[in-house]
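Enquirer: Got a structure here, written out as structure tokens. Questions coming.
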Amino acid sequence: MKEACGVVGIVASGRDVAHLCYDALYALQHRGQESAGMATFNNEQITVVKDNGLVSHVFADTTLRALAGSLVIGHTRYSTSGSANWTAAQPVYRSAGSSGFALAHNGNLTNTTVLAEAAGIEFTSMLSDSDLVAELVAREIERGGSLVDALSVVLGEAQGAFSMVLLEANAVHAVRDPHGFRPLCLGRLGTEDAPEGWVVASESPALDVVGAAFVREIRPGELVTITSAGVQTVQLLEPASDKEMLCIFEFVYFARPDTYLMGHQVHTARRRMGELLAQQSSVEADIVMGVPDSGIPAAEGYAKASGIPFGYGLVKNRYIGRTFISPDQQQRAAGVRRKLNPLRENIAGQRLVVVDDSIVRGTTTRALVGMLRDAGASEVHLRISSPPFMWPCYFGIDTPNRDDLLAANHSVEEMGDYIGCDSIEFITLEHLRTAIQLDGECCDACLTGNYPAPVPVVIGRAGKRW
Ligand code: SF4
């Protein structure tokens, strides 16, 4: 699984917003490492700088100093739609109306073909869904509407996941889809009595790093407009239900541990997943270890609840990004060795409980178990802090086809045999919901097949697509 972009928007008069945006994007680097970009408005024109690579590769200090202005949006990308080349980097710019606008998107639209056909646009794989939205919005503006009017029309027809930020002359807008699949929050620079600026970002650590106080999450279907005069909000799109359908995997894997989602810190939720997993699936063992990074808090929770000591068994190469995944199965297995190396003295002769966040294809887990056995582990018991991943995601996370999802085509016992572990257990959905203290809904379609919004293919429950 790969993340699907992080977005930032900042309005702060008299502040160096490009440097602030850089720091915020850096805090969101885990959400996408293919490309990074920013758009600023300097009272005359919008300037966009974007390129392939990490945030630190794309922006030099001189570039940031040239990006003058008090309004900025930024983006860090992993492609779930469209090509991964330079032209797909964001923000996307369109000249329309008096100043044009720039758009940055986290998510994935599921009805791009329908939207494009209705507008007479040939939608090719070279175009991203974000490009398509920008084009449709530009056409609406040319018909005489404002940017917000155009968003109301275009996003009113859009289906799927979108947390977007947009920049036009003197305003930054942030809008979230009616389900609220992907996170988006609002923060304030300065004090409540004397605000010095406003920030929107995919995750709260991007607010922390620029010194902004968390104010609240943007509601599903809400549009927030930030100008030098302050913040205005409007319910642009009717929410799909009374409760947001935030992606449950933001809690399990995607979001940073220090992020707050729905009022809960992700790290705390992951520890509770481990605690509940231990209560549900106990085993006799000598050491509990987590697969870095997102498996570590759940392993700590498992150790606490089981009384089995927590220990470190794997060292992660910090200089390999999450995108360091090779294209075929054999290379994918080799990728595990590049990324993780066992601490042999902690492992040799030990019965291990190994806690990981998920199993998608199973290839990397199988290679990991082989590596631990080669390092001398006497037993390897896998505990997974999400239920079996059975269905592809269409809402902004890149997952394989159903045919390639191990859990979609094998029983839990068969999965254990393939992976080569001594036992394997997955947290139940009920325990996962308890761990994240969910009092309403979350999207869990990849675990249950219950897609909260239409998806572009018909998927049979018997494992066939037709
Ligand atoms: S299908 Fe799964 S990965 Fe996709 S948004 Fe829903 S919970 Fe998240």
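Enquirer: Across the stretch 236-252, what is the total count of residues that are in contact with a helix residue (DSSP H, G or I) (Cβ under 8 Å, 6 or more places away or on another chain) and either within 22 Å of residue 31 (Cα to Cα) or not in a loop (DSSP other than H, G, I, E, B) (or both)?
Expert: Result for the stretch 236-252: 6.
Enquirer: Assuming residue 283 fulfils every condition listed in (1) under 18 Å from residue 379 (Cα atoms); (2) free of Cβ contacts under 8 Å to residues at least 60 places away in the same chain apart from one, which condition is it?
Expert: For residue 283, the failing item is (2).
Enquirer: Answer yes if at least one residue in the stretch 292-303 is within 16 Å of the ligand (Cβ to nearest atom), more than 30 Å from residue 351 (Cα to Cα) and touching a residue at least 12 places away in the same chain (Cβ under 8 Å), and no otherwise.
Expert: Taking the stretch 292-303 and keeping what is within 16 Å of the ligand (Cβ to nearest atom), we get 294.
Those still in the list that are more than 30 Å from residue 351 (Cα to Cα) too: none.
Within the stretch 292-303 (the criterion being within 16 Å of the ligand (Cβ to nearest atom), more than 30 Å from residue 351 (Cα to Cα) and touching a residue at least 12 places away in the same chain (Cβ under 8 Å)), the answer is no, since none of the residues qualifies.
Enquirer: Let me ask you something else. Taking the stretch 402-428, which residues are under 22 Å from the mean Cα position of the chain (by Cα) and surrounded by fewer than 16 Cβ atoms within 10 Å (Cβ to Cβ)?
Expert: The answer is 404, and nothing else.
Enquirer: Identify the residue in the stretch 112-145 that is out of contact with any strand residue (DSSP E or B) (no Cβ under 7 Å at 6 or more places or on another chain) and polar (S, T, N, Q) and, among all such residues, is modelled with the lowest pLDDT.
Expert: 125
Each row is one residue, and each column tells you yes or no for (1) in a strand (DSSP E or B); (2) in contact (Cβ under 8 Å) with a residue 12 or more places away in the chain; (3) within 16 Å of the ligand (Cβ to nearest atom).
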| site | (1), (2), (3) |
| --- | --- |
| 182 | no, yes, yes |
| 186 | yes, yes, no |
| 193 | no, no, no |
| 196 | yes, yes, no |
| 199 | yes, yes, no |
| 203 | no, yes, yes |
| 224 | yes, yes, no |
| 234 | yes, yes, no |
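Enquirer: How about the stretch 388-418: which of its residues are touching a helix residue (DSSP H, G or I) at 6+ places or on another chain (Cβ under 6 Å), farther than 22 Å from residue 352 by Cβ and either outside the structural domain of residue 273 (by TED's automatic domain parsing) or in a loop (DSSP other than H, G, I, E, B) (or both)?
Expert: 389, 390, 391, 392, 393
Enquirer: Then there's this: Take the residues in the stretch 434-466 that are more than 12 Å from the ligand (Cβ to nearest atom) and at pLDDT 90 or above; name whichever of them is surrounded by the most Cβ atoms within 10 Å (Cβ to Cβ).
Expert: 435
Enquirer: Follow-up. Does residue 288 satisfy the criteria of being touching a Leu at 6+ places or on another chain (Cβ under 7 Å), assigned by TED's automatic domain parsing to the domain that holds residue 436 and either surrounded by fewer than 24 Cβ atoms within 10 Å (Cβ to Cβ) or of a type in the set (A, V, I, L, M) (or both)?
Expert: No.
Enquirer: What's the total number of residues in the stretch 378-401 that are within 16 Å of the ligand (Cβ to nearest atom) and crowded, with 19+ Cβ neighbours inside 10 Å?
Expert: Residues in the stretch 378-401 being within 16 Å of the ligand (Cβ to nearest atom) and crowded, with 19+ Cβ neighbours inside 10 Å: 14 in total.
Enquirer: Of (1) modelled with pLDDT of 95 or more; (2) part of a loop (DSSP other than H, G, I, E, B); (3) within 16 Å of the ligand (Cβ to nearest atom), residue 421 satisfies all except one. Which?
Expert: (3)
Enquirer: With a cut-off of at least 2 residues that are surrounded by fewer than 24 Cβ atoms within 10 Å (Cβ to Cβ) and without any contact (Cβ under 8 Å) to a residue 40 or more places away in the chain, name the strands (runs of 3 or more DSSP E) lying wholly within the stretch 21-81.
Expert: Hits in the stretch 21-81: 46-52.
Enquirer: What's the number of the condition residue 214 fails, among (1) surrounded by 20 or more Cβ atoms within 10 Å (Cβ to Cβ); (2) more than 16 Å from the ligand (Cβ to nearest atom)?
Expert: Residue 214 satisfies every listed condition except (1).
Enquirer: Here's a follow-up. Quick check on my filter: what residues within the stretch 5-20 are under 24 Å from the mean Cα position of the chain (by Cα) and in a loop (DSSP other than H, G, I, E, B)?
Expert: Passing the criteria: only 5.
The values are calculated or read from the model by the stated rules, or taken from the named source; none is laboratory data. Bear in mind the structure is a predicted one, so any value in this text is a computation, not a measurement. For neighbour counting, all protein chains shown are included, and Cβ atoms are generated from backbone atoms with ideal geometry for every residue, glycine included.
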